[in-house]
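Student: Provided herewith is a single structure, encoded as structure tokens, for subsequent inquiry.
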Amino acid sequence: MTVKVSHTAEIQSLFNEAAGLNNDQGSPRAKQILLRLINDVAKIIEDLEITDDEFWHSVDYLNRLGARSEAGLLVPGLGLEHFIDILQDAKDAQLGLTGGTPRTIEGPLYVAGAPIAEGEVRMDDGTELDHATVMFLDGVVRDTDGKPIAGAVVDVWQANTKGNYSYFDQSQSEYNLRRRIVTDAEGRYRARSIVPSGYGCAPDGPTQECLNLLGRHGQRPAHIHFFISAPGHRHLTTQINLSGEEYLWDDFAYATRDGLVGDIKFVEDVAAAHDRGVEGERFAEMQFNFELQKAPAAQAEQRSNRPRALQQA
Ligand code: FE
């Protein structure tokens, strides 16, 4: 029979002390959360009869996860980042905040402070043009009544053809494939970029190590990340996942959602390519429009205060 002691007065007194309940310093909120966490971990240890080896391997795993900065990768991998989106959707529905482009996970690879352009921008630095497919991306940002929003900021970031992101991949130039585009008077944004590649977790990293234990792959379909913001409107964090991708509906991070599949079209036409300033005959086009909800309060116009990378000048 399983032995359980976490409920005893002795252990509850220990956990209360450990969570700072016997002092009036610190943060009441942190105490509340840590007390719950300590108790839940203790219950897992008891209920699942966690062995010493399992416990200490888990502690070591956390150290290695942090050392590789992969905590932000494991969280979507375990479905928790998607869960937070679904929870927010449910809270929104309860408040009648519906409509607009669906939100989906941010992921850990945003870098603040990308260059700003009005209306139209080139996103890639040209270094991959010998093998990349040029992609023209454009669309309109509207409100939920269908009215175009001029002056919205489309903050876009994507991987290169190797599935790597600038800043985290120091071989790329600063802010490569990261831009902020301010929509024009018609609410339109336009970007010339390159078709991104999907990517997977590092095969030797702690996230993939965990996924291996779960019998899962760590692959994502090709996708493009967005923050969309405009005064008076609710900040939107989302992604376009590209049609035709092997992992489109088998994304290890669970970011693909109905309404967020971008229909990418590949064109092979020398004259059309030449007209658009592309060498050769092949390029890609994708249109994607966004709809923003009205902001119920000024705070809703801002993205969360999640810690993010900031490029050092
Ligand atoms: Fe990504």
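The values are calculated or read from the model by the stated rules, or taken from the named source; none is laboratory data. Predicted model, so just to flag it, every value in this text is computed and none were measured. Cβ: placed from backbone, ideal geometry, glycine included. Neighbour counts: every protein chain shown. These area figures cover heavy atoms from the full protein model, side chains too; ligands, DNA and RNA do not enter into them. Shrake-Rupley method; radii C 1.70, N 1.55, O 1.52, S 1.80 Å.
Student: For PRO221, what is the net charge nearby, where nearby means another residue's Cβ is under 13 Å from its Cβ and Lys, Arg count +1, Asp, Glu -1? Can you show the working numbers first?
Tutor: Details: positive: ARG220, ARG257; negative: GLU245, GLU246, ASP250, ASP251.
Value of the local net charge: -2.
Student: Once you put a point 7 Å from the Cα of GLU268 and another 7 Å from the Cα of GLU10, both along the Cβ direction, what distance in nm separates them?
Tutor: The two pseudo-label positions are separated by 7.6 nm.
Student: Using only Cα atoms, find the angle between the long axis of helix 28-47 and the longest principal axis of the chain, and express it within 0 to 90 degrees, rounded to the nearest 10.
Tutor: 70
Student: Check each of the trypsin sites (Lys or Arg not before Pro) in region 1-32 and keep only those in coil by DSSP with at most 14 other C-beta atoms within 10 angstrom; list them in order. Each step should come with its number before you reach the end.
Tutor: Values: sites: LYS4, ARG29, LYS31; in loops: LYS4.
Those that pass, being in a loop and sparsely packed, are LYS4.
Student: Cβ neighbours within 10 Å, averaged per peptide: list 258-264, 123-129 in order, most packed at the top.
Tutor: Numbers: 258-264: 15.0, 123-129: 16.9.
By packing density, highest mean first, the sequence is 123-129, 258-264.
Student: While we're looking at this one, here's another question. On average, how much accessible surface per residue is there in region 74-301, in Å², for a 1.4 Å probe, leaving out ligands, DNA and RNA? Could the numbers behind the result be given before it?
Tutor: Values: 10340 Å² over 228 residues.
Value returned for region 74-301: 45 Å² of accessible area per residue.
Student: May I pose another question? Need the C-alpha centroid separation for region 123-179 versus region 59-75, integer Å.
Tutor: Region 123-179 and region 59-75 have Cα centres spaced 28 Å from each other.
Student: Cα extents of region 74-301 along the three principal axes, largest first, in whole Å?
Tutor: 52, 51, 30
Student: From the backbone phi of region 216-229, what are the Karplus-calculated ³J(HN,Hα) couplings (6.51 cos²θ - 1.76 cosθ + 1.60, θ = phi - 60°) in whole Hz, Gly and Pro given as x?
Tutor: 10, 7, x, 9, 10, x, 4, 7, 10, 8, 9, 10, 10, 9
Student: Could you check the spin-label model distance between ALA18 and GLU54? Points 7 Å from the Cα along Cα→Cβ, value in nm.
Tutor: It works out to 1.8 nm between the two label points.
Student: Keeping the other protein chains in place, figure out the carbon and sulfur percent of the accessible area of region 74-301, with a 1.4 Å probe. Mind showing how you got there, number by number?
Tutor: Details: 5260 of 10340 Å².
Answer for region 74-301: carbon and sulfur cover 51 percent of the accessible area.
Student: Angle between the Cα long axis of helix 80-94 and the longest principal axis of the chain, 0 to 90 degrees, nearest 10?
Tutor: Computed tilt is about 80 degrees.
Student: Local charge sum around MET286 (other residues, Cβ-Cβ under 10 Å, Lys/Arg +1, Asp/Glu -1)?
Tutor: On the way: positive: LYS265; negative: ASP138, ASP263, GLU285.
Once positives and negatives cancel, what remains is -2.
Student: Out of every Cα pair in region 121-186, what percent are spaced more than 20 Å from each other?
Tutor: Numbers: 821 of 2145 pairs.
Result for the distance tail: 38 percent.
Student: Let me ask something else about it. How far is helix 52-67 tilted off the main Cα axis of the chain, in degrees rounded to 10, range 0 to 90?
Tutor: So the helix axis and the longest Cα principal axis differ by about 30 degrees.
Student: When the gyration tensor of region 9-50 is built from Cα positions, what are the square roots of 5 times its three eigenvalues, in whole Å, from largest to smallest?
Tutor: Details: eigenvalues 93, 26, 5 Å².
Ellipsoid semi-axes (Å, largest first): 22, 11, 5.
Student: Probe of 1.4 angstrom, ligands and nucleic acids ignored: what's the accessible area per residue over region 9-50, in square angstrom? Present the calculation step by step, with values, prior to reporting the outcome.
Tutor: Details: 3140 Å² over 42 residues.
Accessible area per residue, region 9-50: 75 Å².
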